[in-house]
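Asks: The structure is given below, and queries will be raised subsequently.
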Amino acid sequence: MEERTNEFATEPVPDDATVGWFRVALVAAMVSFSLPMFLTGLEISVIHSPSQTVIILAAGALILTLIGCVTAAIGANTRLSSYMLNRVAFGRRGAALVNLAFAVSLLGWFGVNIDLFSSAVLRLAVDLFDYSLPPWPIELFAGVAMTTTTVFGFRAINFLSLILTPVLIAVTAQLIAGSLQATSITELMADPAHGDASMGDGISAVVGAVIIGAVILPDITRFIRHWSGAVFVVLIAYLLINFIVTFAGGLSATALGDDDLLNIMITLGIGLAAFAIVILGSWVLNSLNLYSTMLSIESTAPRLNSTVLVITLGILGTVAAFLNVLEYFLPFLFYLSIIFVPVAGVIMVDYLLVRRSAYHENRLLLERSFRFEALVSWLMGASVALVGSWQWISLSSIAAIDAMLVAGLTYFLLSRIKSTQGGSAEPGRKGGADH
């Protein structure tokens, strides 16, 4: 249908385009089944004892669940993408700045994941089949497959997740079963910590690995009919699947005394299953990255053709992987990703406590070019995240949480100050009816 071409980038998803919450949960779960999630659990286990690792992974999953439940429910309630939520919170031009940074960061990670995908496939091809390939055919295949999926929009990503999720559930079960056969529970629990990193640093690493996905959850939960379904999506994807996958990665590393996931899977005799994790998990994760990049740009420049936009973005990300510029781009992407977290803090406070009705009726008519209280709060939160990444300051020992709390609190206080100084005439200030 013609209206599918823009994926409702600048308007609420209509009732006839919504789907059951379980189908969206499959998409969110596929992100948790990706290679970076297994590696996160592995890296945590390398420097912490098994008991500490379990606590860290459980705490990280719980924090992500709490954040994700709010952002996902807002997406389902408003039926708006995360970039249109930015537009309501920050104003038309203010959101353009935020969305541009989102787009650059997500496109950069698209290229990074292609590089990660390529190196893992090449490594497995040599170890399993003694067959060496140049990287460019693998990167080209990955770029074309992921871009093609994204061209067909959310429904194609959803269909792909429906097919692939059972496969990755089976692979994860194999990894856990093989690890438990390689060692006993008693031996596992007797393993001491291998480093001096704090548990707070570990929890921050777990949260940081997924927080971008939690912030942009509205991009997929806007297709759910009711906000309660969005909560179920998060409970399955973050509290259950994310914990199980990171636990599987950590368990395998501890059981086999190896910090290389591909080595571990080959040693356990499930090398072909490693291909499933690398190829299938990366496919959906990167398709979502490209999909969200398209939404961010199209919400700012709605006249662009979405199909041409996706193909252009896919080519840019793939070429970046070809040229290996992403190795030097990673520090920039890390700092750019910092901006995601405080944006969520502003939107959550704005929707829940300050101006709920602005996100429902006559949104675009009520827009301002800039909402300075939102921009100032965002900058405050981003500054806290930045100095936290340098370990100069820490409020909760989790940089992502510090950024959200500071941004949300600053926005709430500035909004209250403005309202007491005669700013209450701004439309949409009081709560409005839910969708």
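Asks: Among I266, I236, I277, I244, which is buried (at least 24 other Cβ atoms within 10 Å of the Cβ) and in a helix (DSSP H, G or I)? Spell out the reasoning first.
Replies: Details: I266 fails: buried (at least 24 other Cβ atoms within 10 Å of the Cβ); I236 fails: buried (at least 24 other Cβ atoms within 10 Å of the Cβ); I244 fails: buried (at least 24 other Cβ atoms within 10 Å of the Cβ).
Of I266, I236, I277, I244, the one residue that is buried (at least 24 other Cβ atoms within 10 Å of the Cβ) and in a helix (DSSP H, G or I) is I277.
Asks: Further question on the same structure: Restricting to the range 316-347, give me the number of residues that are over 17 Å from the mean Cα position of the chain (by Cα) and at pLDDT below 75.
Replies: So in the range 316-347, the residues over 17 Å from the mean Cα position of the chain (by Cα) come out as 316-329, 331-332, 346.
Filter again for at pLDDT below 75, leaving 324-329, 331-332.
Residues flagged as over 17 Å from the mean Cα position of the chain (by Cα) and at pLDDT below 75 within the range 316-347 amount to 8.
Asks: Go through L128, L160, L217, L164 for me and flag whichever is hydrophobic (A, V, I, L, M, F, W, C), over 26 Å from the mean Cα position of the chain (by Cα) and either under 30 Å from I393 (Cα atoms) or at pLDDT below 90 (or both). Quick ask: steps written out before the conclusion?
Replies: Working: L160 fails: over 26 Å from the mean Cα position of the chain (by Cα); L217 fails: over 26 Å from the mean Cα position of the chain (by Cα); L164 fails: over 26 Å from the mean Cα position of the chain (by Cα).
On inspection, the qualifying residue turns out to be L128.
Asks: Answer with yes or no whether T183 is hydroxyl-bearing (S, T, Y) and within 25 Å of M30 (Cα to Cα). Walk me through how you get there before you give the answer.
Replies: Numbers: hydroxyl-bearing (S, T, Y): yes; within 25 Å of M30 (Cα to Cα): no.
For T183, the condition - hydroxyl-bearing (S, T, Y) and within 25 Å of M30 (Cα to Cα) - is not met.
Asks: For the range 399-435, name all the residues that are within 21 Å of L352 (Cβ to Cβ) and either at pLDDT below 75 or not in a helix (DSSP H, G or I) (or both).
Replies: G423, S424, E426, P427, G428, R429, K430, G431, G432, A433, D434, H435
Asks: For the range 88-114, give me the residue count where each residue is surrounded by fewer than 24 Cβ atoms within 10 Å (Cβ to Cβ) and either under 15 Å from L375 (Cα atoms) or free of Cβ contacts under 8 Å to residues at least 12 places away in the same chain (or both).
Replies: Residues in the range 88-114 being surrounded by fewer than 24 Cβ atoms within 10 Å (Cβ to Cβ) and either under 15 Å from L375 (Cα atoms) or free of Cβ contacts under 8 Å to residues at least 12 places away in the same chain (or both): 8 in total.
Asks: Test V27 against the stated conditions and say whether it is surrounded by fewer than 21 Cβ atoms within 10 Å (Cβ to Cβ), at negative phi, among the aliphatic types (A, V, I, L, M) and in contact (Cβ under 8 Å) with a residue 40 or more places away in the chain. Before you say what the answer is, go through the steps one by one.
Replies: Numbers: surrounded by fewer than 21 Cβ atoms within 10 Å (Cβ to Cβ): no; at negative phi: yes; among the aliphatic types (A, V, I, L, M): yes; in contact (Cβ under 8 Å) with a residue 40 or more places away in the chain: yes.
For V27, the condition - surrounded by fewer than 21 Cβ atoms within 10 Å (Cβ to Cβ), at negative phi, among the aliphatic types (A, V, I, L, M) and in contact (Cβ under 8 Å) with a residue 40 or more places away in the chain - is not met.
Asks: Do we have any residue at all in the range 21-35 that's farther than 16 Å from A230 by Cβ and part of a loop (DSSP other than H, G, I, E, B)?
Replies: Checked against the condition, which is being farther than 16 Å from A230 by Cβ and part of a loop (DSSP other than H, G, I, E, B), the range 21-35 yields at least one hit.
Asks: Related question: State which residue is modelled with the lowest pLDDT when the search covers only the range 1-20 and only residues that are closer than 25 Å to N286 by Cβ and part of a helix (DSSP H, G or I).
Replies: Among them, the one singled out is R4.
The values are calculated or read from the model by the stated rules, or taken from the named source; none is laboratory data. Quick caveat, the model's predicted, so the values are computed rather than measured. When we count neighbours, we look across all protein chains shown, and the Cβ atoms used for this are built from the backbone with ideal geometry, even at glycine.
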